[in-house]
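Working notes for the structure below.
The values are calculated or read from the model by the stated rules, or taken from the named source; none is laboratory data. The shown structure was predicted, so the numbers you read here are calculated from the model rather than taken from an experiment. Neighbour counts are summed over all protein chains in view; Cβ atoms, including those assigned to glycine, are modelled from backbone coordinates with ideal geometry. Heads up: the accessible areas ignore ligands, DNA and RNA and are worked out on the full protein's heavy atoms, side chains in. Shrake-Rupley method; radii C 1.70, N 1.55, O 1.52, S 1.80 Å.
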Amino acid sequence: MKRRFSIVESLVHLYESSVEQGDGALHMTRDGGMEVERDTTQHTTNDGGMEDGDVTLHKTSDGRMEEERDLDGEAELDLELFDEASETEDNTEFDPDYHSSDGEESEEESEVTAETEAAYQSKNGKILWTPAPLPQKQQVRFPAHHIKRTPGPTRLACVNAEDIRSTFELFFPDDIKQILIEMTNLEGKRVFRDTWKDLDWTDMQAFFGLLILAGVYRSHHEAMSSLWHGVSGRAIFRATMSLKSFTNLSRVFCFYKRDREHNQQKSDKLAPVRDIWDKWVERLPLLYNPGPNITVDECLVRFRGHCPFKQYMPSKPGKYGIKIWAACDANSSYAWNLQIYSGKAADGKSEKNQGMRVVLDMTDGLEGHIITCDNFFTSYGLGEELLRRKMTMIGTVRSNKPELPPALLSMKDRVRLSSMFAFTDTHTLVSYCPRKNKNVLLMSTFHRDAKVSDKDHKKPEIILDYNQTKGGVDNLDKVVATYTCQRKTARWPMVIFFNMLDVSAYNSFVLWTKINPSWNKGNFSRRRLFLEELGVALVGPYMKRRHYVPRSPASQNMLVQAQACSLEKDVLLLASKYKVKEARACFTAKKPSSSPVSSPSKRKRCQVCESKKSTKTSVMCSRCNMYICRSHAITTSYCYACKKV
């Protein structure tokens, strides 16, 4: 045993010496021995002299080391001793009864891996999910998702949004105005023949303003005769235009040619609204840049009349109507892109992968955003395609999708409020159990870990982010339906146009509040005030040039005050300052006239009547500003020309 250790020690010392000299090499000879070779120019001979040549050290059969100068010579080692030394290396002995357990452990691991792979293999067998996140080295590096455009109103909107009316008119450029005016005049001449007088944009503005005001007052379902009633109606309707004028305008308002509707509708179901709809939708993204989160969902515009693509959606409040795909900013609910669903194709075949196609169409032109959608749209292929376009996705998933693994679908032995995750190199899938025998499935390409909230509900981070960004389109539906201008009609193109007015009014509200954040800040009815001032601003130019005075005293006073205010200061200038009180005060500050004027802000006792009567009145003398009741007031009627004089 000592001899064996001496051999090993001599080999170690020989290797260390060769490393120190730097030009030696330890290698195995052809006969199994170990030798060190080094190239030297001089070496020592047996008699102590120096001799040039190559020197080779090797182990002899008796265990000693000697040098050879002849390269052709070979020395043999005792193979038996070398084998014995190799067996006793690291001071271990060979045990013939010893059996390694490495093979058994590898078999058990392979069995567990096979079971896990079977549970996390997708139902179609094309995707292999893993129960734990992949290491960062194995994860696919996503491209840098940076939003290139600053969220908020664009430069075009900031430059042209001078007041509320101009902000609203940004959604109706000159080409849309021209279509509305030309088609309406064409239809008016067809219906009323020679008695029709051509309309201009001021008439259109007044028509839109009255529709918006009817929505603000929650009177869109109220009969028009009730709105124009002298006692129970609103004074602003009679002050703007007569009921007959509004009825005639509603009858002939059109934005398409009736004679070519039937010919084009065979090939295009949206032919009546195609021109104006496409131009209006192209305008939406030019005025506002959405934030990092985009919501894609469907809307339903209520309509029960005849329409070739009317839909029935029992989950919606209206049940029946026209379905519109929408992409909205998740924070502000600004309608960034819209698309009307026109039903099946002409051949009657259903569209395949419709949800994926809709999301890609709605988000065309975006980059770096997070798309939130429901289980109708979400799929594994959609996530891959959005990643190619430098966007990510969060959405619920239907349990019948073929790309899901069975491990996350099974509810056996699932604990309440527990979460199970599955990962690929690009997708993350979570199954959350809110209650017994119930799970919620969500898929995300934005999240890459298994984070869970610390609160009592223990919801995963994917669900929390989805709940925060899923309501963009639903909120748009809610706010539009609150003050909608929809009127009862049998023409489905008019239903779409009413929805265009509602969405334009809300989008203009978003633009104006973003540009002027201090406007009515803290007021919970900001949108109602905005719509009211928008309606007044739209009808103001028409009221200013109206020649016929209404019969109702309230409407007559309102018209006189509006025209008097327009002589001293334009009504639109007051509307641009967004102070209704100042506008009403200006209505009373008119030039003196011989007719009494009503003061809407104050009511005082009549100064002509006896004190016993105590008659309260808001009418003032136009010269001395004395409060007088109706019985002591003298009303004089003037035509429009004489009134200006």
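The set of residues from the range 440-467 being free of Cβ contacts under 8 Å to residues at least 40 places away in the same chain and among the polar types (S, T, N, Q) comprises S453, N467.
Conditions tested, residue by residue: (1) open to solvent by 30 Å² or more (accessible area, probe 1.4 Å); (2) among the basic types (K, R); (3) touching a strand residue (DSSP E or B) at 6+ places or on another chain (Cβ under 6 Å).
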residue	(1), (2), (3)
T167	no, no, no
I176	no, no, no
R193	yes, yes, no
W201	yes, no, no
I212	no, no, no
S219	no, no, no
G233	no, no, no
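Restricting the first member to the range 272-293 and to residues that are closer than 13 Å to P173 by Cβ, and the second to residues that are acidic (D, E), the beta-carbon pairs closer than 7 Å and six or more apart or on different chains are K279/D175.
Residue-wise test of (1) surrounded by 14 or more Cβ atoms within 10 Å (Cβ to Cβ); (2) over 30 Å from G125 (Cβ atoms); (3) more than 19 Å from the chain's Cα centre (by Cα).
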{"position": "R302", "(1), (2), (3)": "yes, yes, yes"}
{"position": "D347", "(1), (2), (3)": "no, yes, yes"}
{"position": "E351", "(1), (2), (3)": "no, no, yes"}
{"position": "N400", "(1), (2), (3)": "no, no, yes"}
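Within the set N520, N499, the sole residue that is in contact with a strand residue (DSSP E or B) (Cβ under 7 Å, 6 or more places away or on another chain), of a type outside the set (G, A, S) and touching a residue at least 12 places away in the same chain (Cβ under 8 Å) turns out to be N499. When each of W325, W280 is tested for being assigned to a helix (DSSP H, G or I) and either over 25 Å from D364 (Cα atoms) or at pLDDT 95 or above (or both), the lone residue that passes is W280.
Elements of the type helices (runs of 4 or more DSSP H) sitting completely within the range 450-515 and holding at least 3 residues that are among the polar types (S, T, N, Q), out of contact with any Cys (no Cβ under 7 Å at 6 or more places or on another chain) and open to solvent by 10 Å² or more (accessible area, probe 1.4 Å): these cover 461-469.
Let me spell it out: the conditions are (1) within 21 Å of R398 (Cβ to Cβ); (2) surrounded by fewer than 18 Cβ atoms within 10 Å (Cβ to Cβ), and L417 meets all of them except one. Which number is the exception? That leaves (1) as the condition not met.
Going by what's in this entry, would S250 be described as modelled with pLDDT under 90, over 18 Å from the mean Cα position of the chain (by Cα) and of a type in the set (S, T, Y)?
no
Any residue at all in the range 516-538 that is assigned to a loop (DSSP other than H, G, I, E, B) and at pLDDT below 75? Within the range 516-538, not a single residue is assigned to a loop (DSSP other than H, G, I, E, B) and at pLDDT below 75. Condition first: surrounded by fewer than 18 Cβ atoms within 10 Å (Cβ to Cβ) and either on the phi > 0 side of the Ramachandran plot or not small (G, A, S) (or both). Now tell me which residues in the range 237-255 satisfy that. Within the range 237-255, L243, K244, T247, N248, R251 meet the criteria.
One residue stands out in the range 607-635 among those that are under 18 Å from M558 (Cα atoms), hydroxyl-bearing (S, T, Y) and in a loop (DSSP other than H, G, I, E, B): the one that is farthest from the chain's Cα centre (by Cα), namely T635. Mind checking which residues of the range 383-398 are out of contact with any Gly (no Cβ under 7 Å at 6 or more places or on another chain), part of a loop (DSSP other than H, G, I, E, B) and open to solvent by 50 Å² or more (accessible area, probe 1.4 Å)? Across the range 383-398, the qualifying residues are R389, R398.
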